[in-house]
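Working notes, beginning with the structure itself.
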Amino acid sequence: VNGISELLMEKLINFCFENNVIKINLEVSSINDVAIKLYKKWGFKQVGCRKKYYGDSDGLLFSKF
């Protein structure tokens with residue numbers, strides 16, 4: 001499993017770049033530390049928060065321009 005998320009993120013960003021996508025939006029549970037770390041590593045910035053979106057946790061919104 002280790003490395004698959006990195007590969008998928010690279011493919012997503014490359015696909016978007018090749019297809020002139022100017023903004024990527026993602027949402028993640030605030031307790032998913034592994035995903036949050038990955039998104040930040042790839043240059044995503046937190047742009048919003050949906051309080052208690054998942055019941056036990058907030059939904060964090062990330063964007064990359």
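The values are calculated or read from the model by the stated rules, or taken from the named source; none is laboratory data. Everything numeric here is computed off the predicted structure, so don't read it as measured data. Methodologically, a virtual Cβ is constructed for each residue, glycine included, from the backbone with ideal geometry; neighbour enumeration extends over all protein chains shown. Keep in mind that these areas ignore ligands, DNA and RNA; they rest on the heavy atoms of the full protein, side chains included. Shrake-Rupley method; radii C 1.70, N 1.55, O 1.52, S 1.80 Å.
If you count only protein heavy atoms with a 1.4 Å probe, what accessible area per residue comes out for the chain, rounded to a whole Å²?
75 Å²
K52: which lysines have alpha carbons under 22 Å from its alpha carbon, excluding same-chain residues fewer than 8 sequence positions away?
Of all the lysines, those that pass the test against K52 - Cα under 22 Å, at least 8 places apart if same chain - are K37, K40.
Would you compute, from DSSP H runs of 4+ residues alone, the mean residue ellipticity of the chain at 222 nm, taking -39500 (n - 2.57) per run and dividing by the full residue count, rounded to the nearest 500?
-11500 deg cm²/dmol
Would you mind calculating the relative contact order of the chain from Cα pairs under 8 angstrom and at least 6 residues apart, reporting the percent as a whole number?
34 percent
So how far apart, in nm, are the two label points at F65 and I31 if each is 7 Å from Cα heading toward Cβ?
For the pair F65/I31, the computed spacing is 3.3 nm.
With a 1.4 Å probe and all protein chains left in place, how much of the accessible area of the range 1-49 comes from carbon and sulfur atoms, in whole percent?
58 percent
Report the full-extension gain for the segment R50 to N20: residue separation times 0.36 nm, less the Cα-Cα distance, to one decimal in nm.
The span from R50 to N20 would gain 8.0 nm if fully extended.
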